[in-house]
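The values are calculated or read from the model by the stated rules, or taken from the named source; none is laboratory data. Just so it is clear, the model here is predicted, and its values are computed rather than measured. With ideal geometry, Cβ positions are generated from the backbone for all residues, glycine too; neighbour counts draw on all protein chains shown. Areas reflect the complete protein model, heavy atoms only, side chains present, ligands, DNA and RNA absent. Shrake-Rupley method; radii C 1.70, N 1.55, O 1.52, S 1.80 Å.
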Amino acid sequence: MEQALIFASIIVGVAVSDQILSFNRLLRADSPVRWHWALPLTALLILLTNVQIWWSLAGERTEKVSIGEFLPDLVQLIMVALLSAASLPDKVDEDGIDLQQYYDRHARYIWILFALSLSWAELVAFVSALNHDESLIDLFDNRSIDLVAIGVMVGLAFVRRWWLVAIGVAFLSLGPISWLSRTLN
């Protein structure tokens, strides 16, 4: 498992580094940056999700893991790395950048990819539960909030009212916030 965790750590590290570099470009831009709250908060949510995913992988298994067992995690890591790369602009043009316009142009991609990533995690959990003869009722009872979160993400892909975006991001932030006290085994 140690090698798989190292590989996962590299992917998460690249995703987080991309966000940090993009944020640094925004802060140090010579051209004007028109700030808007939605994009930085969405990027922060994605950053916390990266940490949450890495933390869950680091504390998940201690036994050996085959490539086949690691592939579902790899798929989710790739989706979250793509999500991280899209969460902030890669460059600031000479004319500057408007973060509200950036959000408007990329919100559908960001939130659909976010929903697909969480849906993938839920599908993997569902298959794992079937393989371990777990009760599907217990699985859905324990994961029902994740299904609501997927619905919120899909909704955020299409809403353009800022108060709805604020409520959606605040709701989705509860997931990573609930992980703040978790420890590694």
**Message:** Given the condition among the basic types (Lys, Arg) and without any contact (Cβ under 8 Å) to a residue 60 or more places away in the chain, answer yes or no: does some residue in the range 17-29 qualify?
**Reply:** yes
**Message:** Considering only residues that are open to solvent by less than 20 Å² (accessible area, probe 1.4 Å) and among the hydrophobic types (A, V, I, L, M, F, W, C), which ones fall in the range 66-100?
**Reply:** Leu77, Val80, Leu83, Ala86, Leu88, Leu99
**Prompt:** In the range 95-103, is there at least one residue being over 17 Å from Val80 (Cα atoms), among the small types (Gly, Ala, Ser) and in contact (Cβ under 8 Å) with a residue 40 or more places away in the chain?
**Reply:** yes
**Item:** Candidates Glu63, Glu69, filtered to the one that is in a helix (DSSP H, G or I) and over 9 Å from the mean Cα position of the chain (by Cα)
**Value:** Glu69
**Prompt:** Filter the range 144-185 for residues that are in contact (Cβ under 8 Å) with a residue 12 or more places away in the chain and of a type in the set (Phe, Trp, Tyr); which is most open to solvent (accessible area, probe 1.4 Å)?
**Reply:** Phe158
**Message:** Checking the condition surrounded by 15 or more Cβ atoms within 10 Å (Cβ to Cβ) and of a type in the set (Phe, Trp, Tyr), which residue from Tyr103, Tyr109 passes?
**Reply:** Tyr103
**Prompt:** Out of the residues in the range 13-51 that are β-branched (Val, Ile, Thr) and modelled with pLDDT under 95, which is surrounded by the fewest Cβ atoms within 10 Å (Cβ to Cβ)?
**Reply:** Val51
**Fill in**
Going through the range 142-162 in order, the residues found to be farther than 19 Å from Trp179 by Cα and at pLDDT below 95 are Arg160
